[in-house]
Amino acid sequence: MKIIYHCYGGAHSSVTAAAIHTGKISHSHLPTDQELMSVPYFDQQEKGDHGRLKLMGVDEFGNEVYVVGKRHMGRVYENFVRGVAGLLGIPEAELVLVDTMPYVNWRMMVGGYTSRRLRLTAIGRPIVLSGTRGAYFKLSGLVNTVKTKLSGR
Amino acid sequence: MIVFYLCPSGDFAGTICGALHLGGLSAARVPSHREIIQLRRFGESKPEDIGRPLFLGVDQFGNQVYSIGVLQENDVALRTIDDLLRIFHIPPHEVILADAVPCGGWRLKLAGLFSGWGMHSWAYRLAVPSIRRCYPALSDLVARTVASARQREHEPEARKEVLYRKVRKTSGV
């Protein structure tokens with residue numbers, strides 16, 4: 001099974017959730033800025049990466065976990081991926097899509113935009129790190145819900 | 001094989017391309033306002049349907065032809081399809097991707113946005129004249145897509161990238 005966490009840029013909320021899911025960072029302890037920065041793809045993706053499914057790792061159930069930035073596609077993205085996957089003959093049960101956008105706070109938006117879009121990393125990165133720490137346990141809760149559902153399958 | 005026409009809302013430029021591809025419209029002349037609005041599935045999508053493939057028919061080569069709405073994010077959509085093929089080990093020659101988003105110009109993009117917001121009357125008012133204006137570009141895209149489908153009848157291993165790169169270089173209006 002492939003699990004795809006998706007958000008606007010595929011650089012912060014989806015990456016953090018996928019890192020929790022794959023055990024790269026603890027689900028129960030608030031990570032430090034250094035720990036977040038050590039997560040692959042965190043605050044790294046560029047415009048040309050959007051839409052690319054980036055492998056974050058494999059979870060304890062053997063599922064591959066991916067992150068992707070969907071830019072302005074919003075809810076359209078899930079329709080799109082499920083629709084295309086269905087036509088390509090990919091079984092519905094083989095694909096789990098998880099939207100992390102509802103857990104993105106204003107600091108992640110402002111910091112992420114400043115760091116990734118404006119390329120003002122020195123200003124944006126501390127803001128987005130603070131925002132990610134602020135949203136951390138909500139993202140951890142989301143991952144927990146996903147894993148609970150997966151274990152019931 | 002599956003042919004996808006990507007357009008902002010899925011039910012404007014994509015349905016025109018589908019009609020051209022399947023013989024419902026002629027490339028030789030620009031269709032009238034009435035011919036456009038009478039096309040099957042034209043302007044029918046609800047906002048919640050955008051992103052879902054719209055089946056338009058089966059072409060002369062036996063390929064299924066779909067239109068799919070991707071808003072303005074054609075690049076994102078193309079990369080995701082590429083990666084879905086890669087991670088699920090699906091041969092790329094099973095798919096033809098034809099990107100109609102750059103063909104339409106800003107009016108059609110705006111129509112797609114209005115459609116996405118549920119403002120259908122505004123979307124219609126913008127979409128029909130825009131489609132008539134960009135009809136040559138849409139016809140060109142479809143001609144290249146059909147040529148690619150024909151080529152793949154003989155060379156099934158032809159890589160899909162060829163099609164949309166060629167199309168996107170020449171289709172701007």
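The values are calculated or read from the model by the stated rules, or taken from the named source; none is laboratory data. In this text, all values refer to a predicted model and were calculated from it rather than measured experimentally. As a convention, Cβ positions derive from the backbone with ideal geometry for all residues, glycine included, and neighbour counts pool all protein chains shown.
A few points about this structure:
- Taking the range B:96-122 as the range and being part of a loop (DSSP other than H, G, I, E, B) and either in contact with a Leu (Cβ under 9 Å, 6 or more places away or on another chain) or surrounded by 21 or more Cβ atoms within 10 Å (Cβ to Cβ) (or both) as the test, the residues that pass are B:Ala100, B:Gly104, B:Met119.
- Residue among A:Pro102, A:Pro91 that is surrounded by fewer than 21 Cβ atoms within 10 Å (Cβ to Cβ), closer than 28 Å to B:Leu71 by Cβ, within 14 Å of another protein chain (Cβ to nearest Cβ) and not acidic (Asp, Glu): A:Pro91
- Candidates A:Val15, A:Val58, A:Val65, A:Val39: the one that is within 14 Å of the chain's Cα centre (by Cα) and surrounded by fewer than 23 Cβ atoms within 10 Å (Cβ to Cβ) is A:Val39.
- Residue in the range A:24-35 that is in contact with a strand residue (DSSP E or B) (Cβ under 8 Å, 6 or more places away or on another chain) and either under 18 Å from A:Val104 (Cβ atoms) or within 11 Å of another protein chain (Cβ to nearest Cβ) (or both) present: no
- Some residue of the range B:33-44 being β-branched (Val, Ile, Thr), touching a residue at least 60 places away in the same chain (Cβ under 8 Å), out of contact with any Asp or Glu (no Cβ under 7 Å at 6 or more places or on another chain) and within 14 Å of another protein chain (Cβ to nearest Cβ): no
- Residue count for the range A:34-86, restricted to those that are of a type in the set (S, T, N, Q), over 26 Å from B:Phe4 (Cα atoms) and at pLDDT 95 or above: 3.
- Complete set of residues in the range A:46-67 that are more than 19 Å from A:Arg153 (Cβ to Cβ) and more than 7 Å from chain B (Cβ to nearest Cβ): A:Glu46, A:Lys47, A:Gly48, A:Asp49, A:Lys54, A:Leu55, A:Met56, A:Gly57, A:Val67
- Residue satisfying all of: in the range B:111-129; without any contact (Cβ under 8 Å) to a residue 60 or more places away in the chain and of a type in the set (A, V, I, L, M, F, W, C); nearest to the other protein chains (Cβ to nearest Cβ) among these: B:Phe114
- Tally of residues being within 13 Å of A:Val15 (Cα to Cα) and in a loop (DSSP other than H, G, I, E, B) across the range A:26-49: 8
- Only listed residue being free of Cβ contacts under 8 Å to residues at least 12 places away in the same chain, more than 13 Å from chain B (Cβ to nearest Cβ) and at negative phi, chosen from A:Gly111, A:Gly141, A:Gly86, A:Gly131: A:Gly141
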